[in-house]
């Protein structure tokens, strides 16, 4: 005789996160997820993290080939940094030749080079899920930086090329030549595409489809020679199919090239989202069912019972986390801009910046 008895959910021990420096608050309530796991959700954990905890956590984050994650301690909090294995993007520039080390200049032909992205602040109080999000963002932005420097445009009859979307443009100088930079230069799409190259690879238009009066879909192809295909895919696996769809407004003469780099960056960001995993789990993948994810989010925020003691601890923790983030109003023009904005919005709730007093009109 069989019984259709509902199994009791497996109770997940909260100690699982202790290696990451996260500990449940006293009397923290549990939730049941998908009727089979009972656990204390992360928002009911307090963070007491040291560098070892952070190293334990980041060791479980896997990133695409060519990226390496590093973490370190700051005077307040920690940082996460991405190392990128690649090649010199401007090998023929005066700056590159001047700054190259003796070792690089006398290498035996191996062009692999390690460079580093910016440091990303990891506050002492942020939970492991946010560390994972920071790792994804760091990888995406490091990849973006590299792609922008590989995207070149020919700008004169002599075939000279520049990288219009690199991240090192001189903004203070650009404002003095804004007339030239904002000048409209009408040019057929085919002619604009003929100017383009990515890592030395040209593009071609395979199809152009008018969607509406202000939207056109242009299908581009990376014209990778067969002899370079393997190496190209190894360096840029997100463009393995060698195609790119660009949606642009044909009535905006300066828009198309911007839309091309945006389409490339979107593809690259999606590639990183699929490849960055946590203990083998593809946290940001499109393979995750969004409806089930909504159910998961709802369930983890609906404990059946919450004690008064827990609420006191939770409120104290939340207030400390929020208050620790509060900045001070700055000096000079920046401080005036901050005060004017706060007064204009009439902000009175939340944790106001230190050294800020609402104006009388705001208080009334």
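The values are calculated or read from the model by the stated rules, or taken from the named source; none is laboratory data. Since the model is a prediction, treat every value here as computed from it, not as a measurement. Backbone-built Cβ (ideal geometry, glycine too); neighbour counts: all protein chains shown.
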Query raised in the report: Take the residues of the range 329-343 that are assigned to a loop (DSSP other than H, G, I, E, B) and touching a helix residue (DSSP H, G or I) at 6+ places or on another chain (Cβ under 7 Å): which is nearest to residue 319 (Cα to Cα)?
Result: 329
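Considering 63, 71, 82, which residue is closer than 30 Å to residue 295 by Cβ and at pLDDT 95 or above?
Details: 71 fails: closer than 30 Å to residue 295 by Cβ; 82 fails: closer than 30 Å to residue 295 by Cβ.
Going through 63, 71, 82 in turn, the sole match is 63.
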Query - Residue check, residue 264 closer than 30 Å to residue 217 by Cα, in contact with a strand residue (DSSP E or B) (Cβ under 9 Å, 6 or more places away or on another chain) and not in a loop (DSSP other than H, G, I, E, B) - result: yes
Requested in this report: Working only within the range 297-317, note down all residues that are surrounded by 10 or more Cβ atoms within 10 Å (Cβ to Cβ) and either free of Cβ contacts under 8 Å to residues at least 40 places away in the same chain or outside any helix (DSSP H, G or I) (or both).
Outcome: 297, 298, 301, 302, 303, 306, 307, 311, 312, 315, 316
Query raised in the report: Does at least one position in the range 344-364 carry a residue that is in contact (Cβ under 8 Å) with a residue 60 or more places away in the chain, touching a helix residue (DSSP H, G or I) at 6+ places or on another chain (Cβ under 8 Å) and closer than 24 Å to residue 123 by Cα?
Result: no
Query raised in the report: Just one of the numbered conditions (1) assigned to a helix (DSSP H, G or I); (2) outside the structural domain of residue 79 (by TED's automatic domain parsing); (3) under 20 Å from the mean Cα position of the chain (by Cα) is not true of residue 166; which one?
Result: (1)
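Residues checked against (1) modelled with pLDDT of 95 or more; (2) over 25 Å from residue 29 (Cα atoms); (3) part of a helix (DSSP H, G or I):
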{"position": "271", "(1), (2), (3)": "yes, yes, yes"}
{"position": "274", "(1), (2), (3)": "yes, yes, yes"}
{"position": "284", "(1), (2), (3)": "yes, yes, no"}
{"position": "295", "(1), (2), (3)": "yes, no, yes"}
{"position": "319", "(1), (2), (3)": "no, no, yes"}
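Would you mind finding the one in 27, 11, 73 that is touching a residue at least 24 places away in the same chain (Cβ under 8 Å) and surrounded by fewer than 13 Cβ atoms within 10 Å (Cβ to Cβ)? Spell out the reasoning first.
Working: 27 fails: surrounded by fewer than 13 Cβ atoms within 10 Å (Cβ to Cβ); 73 fails: touching a residue at least 24 places away in the same chain (Cβ under 8 Å).
Answer to the check: 11.
Which residue is surrounded by the most Cβ atoms within 10 Å (Cβ to Cβ), if the candidates are limited to the range 245-257 and must be within 23 Å of the chain's Cα centre (by Cα) and free of Cβ contacts under 8 Å to residues at least 40 places away in the same chain? Working first, answer last.
Quick first cut of the range 245-257, residues within 23 Å of the chain's Cα centre (by Cα) only: 245-247, 257.
Okay, now just the ones that are also free of Cβ contacts under 8 Å to residues at least 40 places away in the same chain, so 245-247.
Working: 245: 13, 246: 23, 247: 13.
Ranking the candidates gives 246 first.
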Report task. Could you tell me which residue of the range 211-244 is modelled with the lowest pLDDT, considering only residues that are surrounded by 19 or more Cβ atoms within 10 Å (Cβ to Cβ), more than 25 Å from residue 184 (Cβ to Cβ) and more than 22 Å from the chain's Cα centre (by Cα)? Result -> 232
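Taking the range 37-82 as the search range and keeping residues that are under 17 Å from residue 16 (Cα atoms) and in a loop (DSSP other than H, G, I, E, B), which one is farthest from the chain's Cα centre (by Cα)?
The extreme case among them is 40.
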